Amino acid sequence: MKRIVHEKFSSRAGKLPRAAAILLALVFIMIAVVSVPVIKHLRDHSREIGCMTALDTADKELRTAYLTSGCSLTYDQAKEAVARAMNGWDDLCPAGGTVHLVYEEGEEMPYRLVCGIHGSDEKERTRLNAQYVFENLTEKVKVYYTANGKYPESVAVSLNGEELAVNASAAETGLRRGTDYSGDYKGTVAFFAVAGESEWADSFGAPKGSVSWFVFADEKHCARWDARLGWSLDNYVDYDS
(Lines give C-alpha, C1' and ligand atoms only; values in the text may rest on other atoms or scores of the structure.)
Protein backbone atom coordinates (compact mmCIF):
# COMPACT_ATOMS: atom_id res chain seq x y z
CA MET A 1 0.00 0.00 0.00
CA LYS A 2 1.30 3.38 -0.95
CA ARG A 3 1.77 5.85 1.86
CA ILE A 4 0.37 9.27 1.09
CA VAL A 5 2.41 12.09 2.55
CA HIS A 6 0.85 15.56 2.89
CA GLU A 7 3.49 18.23 2.73
CA LYS A 8 2.99 21.80 3.89
CA PHE A 9 4.62 24.15 1.46
CA SER A 10 5.62 27.65 2.45
CA SER A 11 7.60 30.40 0.88
CA ARG A 12 8.76 33.89 1.59
CA ALA A 13 6.12 35.13 -0.83
CA GLY A 14 3.42 33.57 1.35
CA LYS A 15 4.81 34.90 4.62
CA LEU A 16 5.15 38.52 3.57
CA PRO A 17 1.47 39.18 2.79
CA ARG A 18 0.52 37.62 6.13
CA ALA A 19 2.98 39.84 7.99
CA ALA A 20 1.72 42.85 6.07
CA ALA A 21 -1.87 41.98 7.02
CA ILE A 22 -0.92 41.73 10.69
CA LEU A 23 0.92 45.05 10.50
CA LEU A 24 -2.04 46.66 8.76
CA ALA A 25 -4.39 45.33 11.44
CA LEU A 26 -2.15 46.78 14.15
CA VAL A 27 -2.15 50.14 12.38
CA PHE A 28 -5.97 50.14 12.28
CA ILE A 29 -6.09 49.26 15.97
CA MET A 30 -3.72 52.11 16.81
CA ILE A 31 -5.78 54.52 14.74
CA ALA A 32 -8.94 53.41 16.56
CA VAL A 33 -7.29 53.78 19.98
CA VAL A 34 -6.09 57.30 19.14
CA SER A 35 -9.36 58.29 17.45
CA VAL A 36 -11.75 57.41 20.31
CA PRO A 37 -10.58 60.22 22.68
CA VAL A 38 -10.47 62.68 19.77
CA ILE A 39 -14.01 61.78 18.68
CA LYS A 40 -15.23 62.01 22.30
CA HIS A 41 -13.59 65.43 22.68
CA LEU A 42 -15.18 66.69 19.46
CA ARG A 43 -18.57 65.30 20.50
CA ASP A 44 -18.35 66.90 23.96
CA HIS A 45 -17.22 70.21 22.45
CA SER A 46 -20.11 70.14 19.98
CA ARG A 47 -22.58 69.46 22.81
CA GLU A 48 -21.13 72.29 24.87
CA ILE A 49 -21.55 74.72 21.98
CA GLY A 50 -25.11 73.46 21.46
CA CYS A 51 -25.85 73.97 25.15
CA MET A 52 -24.42 77.51 25.14
CA THR A 53 -26.48 78.37 22.05
CA ALA A 54 -29.71 76.98 23.54
CA LEU A 55 -29.20 78.72 26.88
CA ASP A 56 -28.36 81.99 25.13
CA THR A 57 -31.66 81.78 23.23
CA ALA A 58 -33.53 80.87 26.43
CA ASP A 59 -31.86 83.74 28.31
CA LYS A 60 -33.05 86.21 25.65
CA GLU A 61 -36.59 84.87 25.88
CA LEU A 62 -36.39 85.10 29.67
CA ARG A 63 -35.17 88.68 29.53
CA THR A 64 -38.00 89.61 27.16
CA ALA A 65 -40.58 88.00 29.46
CA TYR A 66 -39.08 89.81 32.46
CA LEU A 67 -39.18 93.23 30.79
CA THR A 68 -42.69 92.80 29.36
CA SER A 69 -43.92 91.85 32.85
CA GLY A 70 -42.80 95.25 34.12
CA CYS A 71 -39.83 93.60 35.90
CA SER A 72 -42.19 91.76 38.23
CA LEU A 73 -41.75 88.19 37.02
CA THR A 74 -41.94 85.63 39.83
CA TYR A 75 -39.64 82.60 39.98
CA ASP A 76 -42.39 80.22 38.85
CA GLN A 77 -43.42 82.57 36.05
CA ALA A 78 -39.78 82.76 34.91
CA LYS A 79 -39.60 78.95 34.73
CA GLU A 80 -42.85 78.85 32.78
CA ALA A 81 -41.57 81.49 30.36
CA VAL A 82 -38.46 79.44 29.57
CA ALA A 83 -40.42 76.20 29.24
CA ARG A 84 -42.94 77.85 26.94
CA ALA A 85 -40.29 79.44 24.72
CA MET A 86 -38.00 76.40 24.53
CA ASN A 87 -40.64 73.64 24.47
CA GLY A 88 -39.74 72.38 27.94
CA TRP A 89 -36.52 72.07 29.95
CA ASP A 90 -35.40 68.54 29.18
CA ASP A 91 -33.75 69.19 25.82
CA LEU A 92 -32.06 72.51 26.54
CA CYS A 93 -28.64 70.87 26.91
CA PRO A 94 -27.69 68.34 24.17
CA ALA A 95 -25.59 66.45 26.74
CA GLY A 96 -28.56 66.05 29.09
CA GLY A 97 -27.34 68.66 31.58
CA THR A 98 -29.82 69.69 34.28
CA VAL A 99 -30.52 73.38 33.69
CA HIS A 100 -30.98 75.50 36.82
CA LEU A 101 -32.81 78.82 37.07
CA VAL A 102 -30.86 81.14 39.37
CA TYR A 103 -32.41 84.18 41.05
CA GLU A 104 -30.10 86.95 42.28
CA GLU A 105 -31.90 89.71 44.12
CA GLY A 106 -30.70 93.24 43.39
CA GLU A 107 -29.46 92.51 39.87
CA GLU A 108 -30.81 94.46 36.91
CA MET A 109 -31.81 91.11 35.39
CA PRO A 110 -32.23 88.84 38.46
CA TYR A 111 -32.77 85.58 36.53
CA ARG A 112 -30.19 83.53 34.68
CA LEU A 113 -29.78 79.94 33.50
CA VAL A 114 -26.90 77.64 34.46
CA CYS A 115 -26.24 74.18 33.04
CA GLY A 116 -25.27 71.51 35.56
CA ILE A 117 -22.60 70.21 33.16
CA HIS A 118 -21.39 73.25 31.22
CA GLY A 119 -21.74 76.14 33.68
CA SER A 120 -18.46 78.10 33.72
CA ASP A 121 -18.18 78.28 37.54
CA GLU A 122 -17.33 74.80 38.88
CA LYS A 123 -18.22 75.61 42.48
CA GLU A 124 -21.55 77.13 41.48
CA ARG A 125 -22.33 74.02 39.41
CA THR A 126 -21.69 71.84 42.44
CA ARG A 127 -23.88 74.03 44.67
CA LEU A 128 -26.76 74.07 42.19
CA ASN A 129 -26.57 70.34 41.46
CA ALA A 130 -26.38 69.57 45.19
CA GLN A 131 -29.39 71.74 45.98
CA TYR A 132 -31.34 70.18 43.12
CA VAL A 133 -30.60 66.65 44.34
CA PHE A 134 -31.40 67.61 47.94
CA GLU A 135 -34.79 69.08 47.02
CA ASN A 136 -35.70 65.97 45.01
CA LEU A 137 -34.42 63.71 47.78
CA THR A 138 -36.50 65.29 50.56
CA GLU A 139 -39.65 65.03 48.48
CA LYS A 140 -38.99 61.40 47.50
CA VAL A 141 -38.24 60.40 51.10
CA LYS A 142 -41.68 61.71 52.15
CA VAL A 143 -43.42 59.93 49.28
CA TYR A 144 -41.60 56.66 50.01
CA TYR A 145 -42.45 56.77 53.72
CA THR A 146 -46.12 57.48 52.99
CA ALA A 147 -46.30 54.49 50.65
CA ASN A 148 -44.17 52.02 52.62
CA GLY A 149 -44.22 53.09 56.27
CA LYS A 150 -40.43 53.15 56.42
CA TYR A 151 -37.55 55.21 55.07
CA PRO A 152 -35.62 54.21 51.93
CA GLU A 153 -32.07 52.87 51.93
CA SER A 154 -31.46 54.56 48.59
CA VAL A 155 -33.22 57.16 46.46
CA ALA A 156 -32.67 57.62 42.72
CA VAL A 157 -32.51 61.20 41.45
CA SER A 158 -32.06 62.10 37.79
CA LEU A 159 -29.18 64.57 37.42
CA ASN A 160 -27.41 65.67 34.25
CA GLY A 161 -28.93 62.90 32.17
CA GLU A 162 -28.05 60.08 34.57
CA GLU A 163 -29.61 58.36 37.57
CA LEU A 164 -27.76 59.23 40.79
CA ALA A 165 -28.22 56.83 43.71
CA VAL A 166 -28.45 58.84 46.95
CA ASN A 167 -27.70 56.30 49.68
CA ALA A 168 -28.64 56.37 53.35
CA SER A 169 -25.66 56.66 55.70
CA ALA A 170 -25.40 55.75 59.37
CA ALA A 171 -22.32 57.94 59.96
CA GLU A 172 -20.12 60.64 58.48
CA THR A 173 -18.67 59.72 55.09
CA GLY A 174 -15.49 61.72 55.49
CA LEU A 175 -16.21 63.63 52.29
CA ARG A 176 -14.81 67.14 52.49
CA ARG A 177 -13.75 67.80 48.91
CA GLY A 178 -14.33 66.36 45.44
CA THR A 179 -14.02 62.65 44.77
CA ASP A 180 -10.82 63.20 42.75
CA TYR A 181 -9.18 63.96 46.12
CA SER A 182 -10.57 60.85 47.82
CA GLY A 183 -9.49 57.26 47.40
CA ASP A 184 -12.83 55.93 48.63
CA TYR A 185 -15.21 57.46 46.08
CA LYS A 186 -15.36 58.02 42.33
CA GLY A 187 -17.47 60.22 40.09
CA THR A 188 -20.54 61.89 41.60
CA VAL A 189 -21.88 60.54 44.90
CA ALA A 190 -24.48 61.58 47.47
CA PHE A 191 -25.59 60.37 50.92
CA PHE A 192 -28.30 61.28 53.42
CA ALA A 193 -29.59 60.56 56.93
CA VAL A 194 -33.11 60.78 58.35
CA ALA A 195 -33.80 61.99 61.91
CA GLY A 196 -35.13 59.20 64.06
CA GLU A 197 -33.08 56.50 62.35
CA SER A 198 -29.94 56.78 64.52
CA GLU A 199 -28.45 58.82 67.34
CA TRP A 200 -26.02 60.39 64.88
CA ALA A 201 -28.84 61.38 62.49
CA ASP A 202 -30.72 62.92 65.43
CA SER A 203 -27.74 65.06 66.48
CA PHE A 204 -28.49 67.74 63.87
CA GLY A 205 -31.76 68.75 65.50
CA ALA A 206 -34.12 68.02 62.59
CA PRO A 207 -37.73 66.95 63.21
CA LYS A 208 -38.17 63.19 63.31
CA GLY A 209 -38.75 61.70 59.89
CA SER A 210 -37.11 64.53 57.94
CA VAL A 211 -33.73 64.54 56.20
CA SER A 212 -31.28 65.81 58.80
CA TRP A 213 -27.98 65.48 56.93
CA PHE A 214 -26.95 65.37 53.27
CA VAL A 215 -23.65 65.40 51.40
CA PHE A 216 -23.01 65.65 47.66
CA ALA A 217 -19.67 65.42 45.87
CA ASP A 218 -18.63 65.51 42.24
CA GLU A 219 -15.07 65.09 41.00
CA LYS A 220 -13.93 68.60 41.97
CA HIS A 221 -16.07 69.87 44.85
CA CYS A 222 -18.27 68.85 47.74
CA ALA A 223 -21.40 70.34 49.35
CA ARG A 224 -22.91 69.37 52.69
CA TRP A 225 -26.20 70.30 54.33
CA ASP A 226 -27.43 69.62 57.83
CA ALA A 227 -30.39 70.95 59.79
CA ARG A 228 -28.14 72.76 62.25
CA LEU A 229 -25.64 74.56 60.00
CA GLY A 230 -27.26 74.61 56.57
CA TRP A 231 -24.95 74.43 53.55
CA SER A 232 -21.19 74.23 53.93
CA LEU A 233 -17.90 72.70 52.67
CA ASP A 234 -15.35 73.56 50.01
CA ASN A 235 -17.60 75.03 47.33
CA TYR A 236 -18.99 77.51 49.85
CA VAL A 237 -15.62 78.44 51.38
CA ASP A 238 -12.54 79.19 49.31
CA TYR A 239 -9.79 77.29 51.15
CA ASP A 240 -7.14 78.65 48.79
CA SER A 241 -7.72 82.34 49.58
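The values are calculated or read from the model by the stated rules, or taken from the named source; none is laboratory data. In this text, all values refer to a predicted model and were calculated from it rather than measured experimentally. Cβ atoms come from the backbone with ideal geometry, glycine included; neighbour counts cover every protein chain shown. We work out accessible area using only protein heavy atoms, side chains counted, and drop any ligands, DNA or RNA first. Shrake-Rupley method; radii C 1.70, N 1.55, O 1.52, S 1.80 Å.
For this structure, a couple of remarks:
- Qualifying trypsin sites (Lys or Arg not before Pro) for segment 154-221 [loop in DSSP, other Cβ within 10 Å: at most 14]: 186, 208
- Sites listed here are chymotrypsin sites (Phe, Trp or Tyr not before Pro) in segment 43-117 whose DSSP assignment is loop and whose Cβ has at most 13 other Cβ atoms within 10 Å, and the list is empty.
- Sorted into 10 angstrom bins from 0, the C-alpha pair distances of segment 163-241 split as 20, 48, 28, 4 percent.
- Contact order normalised by residue count of segment 63-136, Cα under 8 Å, 6+ apart, percent: 19
- Environment charge of residue 201, counting only residues whose C-beta is closer than 13 Å and scoring Lys/Arg +1, Asp/Glu -1: -3
- Put a dot 7 Å past the Cα of residue 158, heading toward its Cβ, do the same for residue 231, and the two dots end up 2.3 nm apart.
- Averaged over its residues, segment 66-110 has an accessible area of 62 Å² per residue, based on protein heavy atoms and a 1.4 Å probe.
- Loop trypsin sites (Lys or Arg not before Pro), segment 71-160 (other Cβ atoms within 10 Å of the site Cβ: 16 or fewer; DSSP): 150
- If only the Cβ of Lys and Arg carry +1 and only the Cβ of Asp and Glu carry -1, the dipole of segment 50-185 around its Cα centre is close to 240 debye.
- The residues of segment 126-241 expose, per residue, 53 Å² of accessible area to a 1.4 Å probe.
- Anisotropy class of segment 76-145 from Cα gyration tensor, a/c 1.5 cut: rounded
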